[in-house]
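The block underneath contains the structure these notes are about, expressed in structure tokens.
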Amino acid sequence: MQNRTPVIPALLAGLLGGLLLGYLFFQSRTNELQHRLYVMEQQLYTDSLPAQIAESPDEEAGNLLFKDTFDDNVNNWDTQLKNYGMKILYDGKYIIDYRREGYFWWSGMPLKRQAMNYDVVLKARHKSGTAQGYYGLIMTTDSVNYYRFCLTNNGYASINVKKDDKWQPDMVRYLAGYKAAGTDTDEDLLELKVRGIRFTYYANGKKVHTGTLNANENWKNVGMFVEDVQTVEFDELTVSEAD
């Protein structure tokens, strides 16, 4: 009589062998995935290191209160598309396109912290629209108390003040001679130097006015505005603590 291999033990042996092979395959894939995750983490850490090193001097010195070059919207600037205009970030610029004569549109950000002495730099470029409409820098205490440091495309500078939601007499009104040299597309440079309650406004390298704030005034926000029917691009906004 011919011997026959038992069927059940053979099936069990095959099943155990298959499970063992499956476990070994699963373990090798797990090890491979863990290795890939480790490599990716190391790569991410290496890629982020130069940016951290580049930023550390300003952070350690504590002199940078705010800066944006508008390469992205990490600061969450207001962007809108309305029937009267738009605010957008595009190609490394914050653009305000406004279409209401006699009104203005602005966007602002809180300063990282308060300081007694600091410098504000705003770079702007008029692209189209009225040549006599205001645009420029706005410093606010709140939504009803602010100063506007203005420029026009035809080179006039002004300083407007609103207190308790009421316009005050202008500190400077339509003072001529501040147009950027060269063509109409040249970049405007607006600078504000604050030293305690004293401030000085410069437009395109020329002093416009030195004024004094009330002792209880303390600007908490910085931003840009555009008035009337025009389009203005803003390239950079920086606030740095001064000695």
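Please treat every number below as a calculation from the coordinates, not as lab data. Here the structure is a predicted model, which means the values were calculated and not measured.
Structure values in brief
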| read-out | value |
| --- | --- |
| 3J(HN,Hα) from dihedral phi, segment 194-200, Karplus parametrisation 6.51/-1.76/1.60, rounded to Hz, x for glycine, proline | 10, 10, x, 9, 9, 9, 10 |
| Anisotropy class of segment 64-241 from Cα gyration tensor, a/c 1.5 cut | rounded |
| Phi to ³J(HN,Hα) by Karplus 6.51 cos²θ - 1.76 cosθ + 1.60 over segment 89-98, Hz, x for Gly, Pro | 9, 8, 6, x, 9, 9, 10, 10, 10, 10 |
| Whole-Hz couplings from phi, Karplus 6.51/-1.76/1.60, listed for segment 230-243; x for Gly and Pro | 6, 10, 10, 9, 10, 9, 7, 9, 9, 10, 10, 5, 10, 6 |
| Too-long pairs where the Cα-Cα distance tops 28 Å, listed order kept, from K82/K123; K112/K179; K87/K220; K127/K206; K87/K112 | K112/K179 |
